[in-house]
Amino acid sequence: MFLRPRLGLALALLGAALAGTCSALAQDKVMATVDGKSITEADLKLADFEIGTDLGNLPPVTKRRVLIEYMIENQLFADAAEKEKLSTGPAFEQRLNYWRRRALRDTYFDQTVKSSISEPVAKTFYEDQIKGMKPEEEVQARHILVDSEDKAKELADKIAKGEDFAKLAKENSKDPGSKDDGGMLGFFGKGQMVPAFEEAAFRLKKGEVSPPVKSQFGYHLIKVEDRRNKKLPSFDEVKDRIMNSMIQRKAQEVASALRTGAKIEYLDPEVKKLAEDQDKAQADQKKAMEAQIKGQIDKMEKEGKSPPGAPGTEQAEPKK
């Protein structure tokens, strides 16, 4: 097994840069050895951080085997580099410095950003959001798509006389994605279909068939098989997405604060101009937004209304 030697070398350098901080992990469980050199569970965690997303959803034991093999090859390449005396010189030092910065960045990110977003914090956010949400109505429908209104009326007449909707869909529908399943589209909510189709489907009761409905695709006959209210997602179902979103937001806040407190100079003229143009565009956008808000407040004050949150609004007596 041979896995990305470039990343292997990078991870070896990362391990070297973290050697001081990881000394307490030296007694971690040894997973393999290469010429007497140990590969530990802590090494696998670093490897997982580096290439874990490339491995997909492998079974745990398979993923562990891949990570171990990856670290074995890292060690083999590192040992070969030592024999070739490649661990000194400007190129190596430059690469080592890069990965040291990366290791410091990752450690700071974990301790300052990631650790501040715990599961209880995410659950509180979820509960606040879920309070204002209502279950979404969904319909389960079949349809028959044809080219002309006359053909749609012909099929509607057959259905009204008792012919099977699903059978007619298989024989006549122009929709390749659903015709073989009797025109079945499954459950869908509002906003998922083209407006004319959606409006007609949500007007129907369970078991009803629509008259011909025209859309940009042709003419549809729609039969609603079922209706339901879609359950709101549980916290466990959306936990990872919420936490990832909160971590990204927190990272942006921290990065913005760090940039504000730092002196940053762009020495590449083209990059400098691009950065200045982007900063100006953001400043103009912020200024326009502030002017819009001020205009709304001024308008409300002229009309004798208090802006939301203005002092004294809670005690104001209603007009008689």
Collect residues whose amide H, placed 1.01 Å from N in the peptide plane, falls under 5 Å from the amide H of MET31; neighbours closer than 5 in sequence don't count.
ILE39, THR40, GLU41
Hey, of (i) 0.96; (ii) 1.59; (iii) 1.03, which did the structure itself give for Cα Rg over 2.2 N^0.38 Å when calculated?
(ii)
Members of LYS45/LYS231; LYS167/LYS206; LYS123/LYS206 lying beyond 28 Å, as alpha-carbon distances in this model show
LYS45/LYS231; LYS123/LYS206
Summed residue charge, Cβ within 9 Å of GLY183's Cβ, Lys/Arg positive, Asp/Glu negative:
+2
What ranking of GLU69, GLU84 emerges when the number of other C-beta atoms within 10 Å of each C-beta is taken as an exposure proxy, fewest first?
GLU84, GLU69
Aspartates and glutamates near LYS151 by alpha-carbon distance under 14 Å, same-chain residues fewer than 8 away left out - which ones?
GLU171
Give me the distance in nm between label points sitting 7 Å out from Cα along the Cα-to-Cβ direction at MET289 and LYS174, one decimal.
4.6
Under 16 Å from LYS286, Cα to Cα: lysines that are on another chain or at least 8 residues apart:
LYS294
MRE, 222 nm, helices only [DSSP H, n ≥ 4, -39500 (n - 2.57), over the chain, to nearest 500]
-17500 deg cm²/dmol
Taking neighbour counts of Cβ atoms within 10 Å as a proxy for exposure, in what order, fewest first, do MET193, MET71, MET31, MET289 appear?
MET289, MET31, MET193, MET71
With a sphere of radius 12 Å drawn around the Cβ of ALA80, what net charge do the other residues whose Cβ falls strictly inside it have (Lys, Arg +1; Asp, Glu -1)?
-3
Straight-line reach from LYS230: which aspartates and glutamates have a Cα under 19 Å away, not including same-chain ones fewer than 8 places off?
GLU127, GLU136, GLU137, GLU138, GLU198, GLU199
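Since every read-out is calculated from the coordinates, none of them should be taken as a lab result. Since the model is a prediction, treat every value here as computed from it, not as a measurement. All Cβ positions, glycine included, derive from the backbone under ideal geometry; neighbour counts span all protein chains shown.
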